[in-house]
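Data first, discussion second: the structure below is written as structure tokens.
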Amino acid sequence: IMVEYSLRGYGKFLVETEDWRQAYSYLKKAEKMASANKDSISMAFNWFHLSSYFWKAQQVDSCFYFGKMAEKLWEARVEKIDLSHVCHHLGKCYLQLDKIKEASRYLHKAEGLLLNDPYFNEALFSTLAELYIKNGNTAKAYEYMTKAKKLSQLIREKESSAKLAGLQIRYQTAQKEALLEKQRQETDQAKNETIKSNYQRNTILIITIGLLLVATVAIFMNRKINIKNHQLTVTNTALLRTTEQKQTLLKEVHHRVKNNLTTLKSLFYLQAKSSPDQNVKEALIECQQQIHSMALIHQNMYEATENERLDFFHFLQQLITELEITKRTTGFPVKITYQGQSIDMDVSTALFLGLMVNELATNSFKHAFVGRAQGAIHVAIEKANHSFILTFMDDGVGLTRAFDALQGNFGFKLLHIMADQVQGNIRYHREENHSVFTIEVPNEARA
């Protein structure tokens, strides 16, 4: 049924667009389907549209044939609406053919079936007015034309009212939509403000909690740090006190050792003075000088700010100056020069280097300047990459034999022993009428 209805509707559309071939094809298909379905109403509609098709296609006989078949069927079924439409259609067709009698019969038949449809009635009255104009009855023509005009005005008024009502509905709808949109925007804005407010509140809450946690951790850590600092302060104070006690004790040890060595030096001096043997006296004096060298070391350590290292260059000047003063009283004026700078040295290395310098200086004062009115000694100390280099030089007569050949001599044997004690070495050479002794020891040497 739906397919037949679609075919009929499309065929009617093609009739209105004057596509005759396609229109006839679709209408005939719809008629066959209605006939096969034994649907009399659909068949009547198809005949009515075929009648319209044949009229526009200027096939008058076929037009009236299908129109009258539709008339009979609708008349039999008492379908007033459809019957009035087909009668109006046939009346218009006869009127255009100037068949006044047939046109009058069908038009008045349609008038007898007058509907409550102002559009149909207006068209019917206009056709009746045209009929009476052709019939020469101007009074009737005027009457029907007046009715048609009133219906036309009524239709326009209704259409205007309908348009106005439609516009009013559209206006009211637009107002309601605008109001709804405004309410929606206000709702969205309120919702967004609520979300924003909640976000800000939650953010502030999270930040506050975070700050409280940080503050708690900071307080806890600060307390731990304060406890640790207090413990460190107590420990440092104890260590400082212990260090001060150790330094004081070490100074006291150096002081007592120096005093003991001074006492020992005095004993050697008294023994040398009372000895009738000149060789014994000289040996005791040399021992006295060596003891004095060691005493000077401990005196410098006692006076030093650091108890583990001393300024060896200062000690060297002090040692040789005192030896020179001692020898000057016995008639040996010697010019002494120094080269170097302040060098910190550990006690063990300084002790052995001091004894070696004492031995070299004593040997120079005793043997280098025999038969001369004066002499010269030059002492230099420098710090190389990983060692101390001490140079002792005099302008005396020099060694009577090669340095290696003197290993059996007690003094030179003592020099080698002391050099070995600090993992060092001693070398000798003659340079421009000067005897040059070079002593090199590691700057981290230990006895």
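Rundown of residues vs (1) assigned to a helix (DSSP H, G or I); (2) in contact with a helix residue (DSSP H, G or I) (Cβ under 9 Å, 6 or more places away or on another chain); (3) in the same structural domain as Val86 (by TED's automatic domain parsing), yes/no style:
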| residue | (1), (2), (3) |
| --- | --- |
| Lys149 | yes, yes, yes |
| Ala162 | yes, no, yes |
| Ser197 | yes, no, no |
| Asn202 | yes, no, no |
| Leu213 | yes, no, no |
| Thr216 | yes, no, no |
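Table: residues versus (1) of a type in the set (S, T, N, Q); (2) modelled with pLDDT under 85; (3) assigned to a helix (DSSP H, G or I); (4) over 28 Å from Asp61 (Cβ atoms).
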| position | (1), (2), (3), (4) |
| --- | --- |
| Leu95 | no, no, yes, no |
| Ser104 | yes, no, yes, no |
| Leu107 | no, no, yes, no |
| Leu115 | no, yes, no, yes |
| Ala139 | no, no, yes, yes |
| Glu159 | no, yes, yes, yes |
| Glu181 | no, no, yes, yes |
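Number of residues in the range 80-112 that are buried (at least 18 other Cβ atoms within 10 Å of the Cβ), under 23 Å from Leu50 (Cβ atoms) and either out of contact with any Cys (no Cβ under 7 Å at 6 or more places or on another chain) or not assigned by TED's automatic domain parsing to the domain that holds Gly136 (or both): the value is 15. Inside the range 65-92, residues that are among the small types (Gly, Ala, Ser) and either under 14 Å from Glu111 (Cβ atoms) or not in a helix (DSSP H, G or I) (or both) make up a count of 2. Kindly evaluate Leu154 against the criterion of being surrounded by fewer than 19 Cβ atoms within 10 Å (Cβ to Cβ), assigned by TED's automatic domain parsing to the domain that holds Phe45 and in contact with a helix residue (DSSP H, G or I) (Cβ under 8 Å, 6 or more places away or on another chain). Criteria met by Leu154. Taking the range 340-431 and the strands (runs of 3 or more DSSP E) fully enclosed by it, the elements with 2 or more residues that are exposed (fewer than 15 other Cβ atoms within 10 Å of the Cβ) are at 425-430.
So that you can scan it fast, the table gives a plain yes or no per residue for (1) buried (at least 21 other Cβ atoms within 10 Å of the Cβ); (2) modelled with pLDDT of 75 or more; (3) in a helix (DSSP H, G or I):
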{"residue": "Ala23", "(1), (2), (3)": "yes, yes, yes"}
{"residue": "Lys29", "(1), (2), (3)": "no, yes, yes"}
{"residue": "Ser35", "(1), (2), (3)": "no, no, yes"}
{"residue": "Phe48", "(1), (2), (3)": "yes, yes, yes"}
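The values are calculated or read from the model by the stated rules, or taken from the named source; none is laboratory data. Here the structure is a predicted model, which is why all the values come from computation and not from measurement. Backbone-built Cβ (ideal geometry, glycine too); neighbour counts: all protein chains shown.
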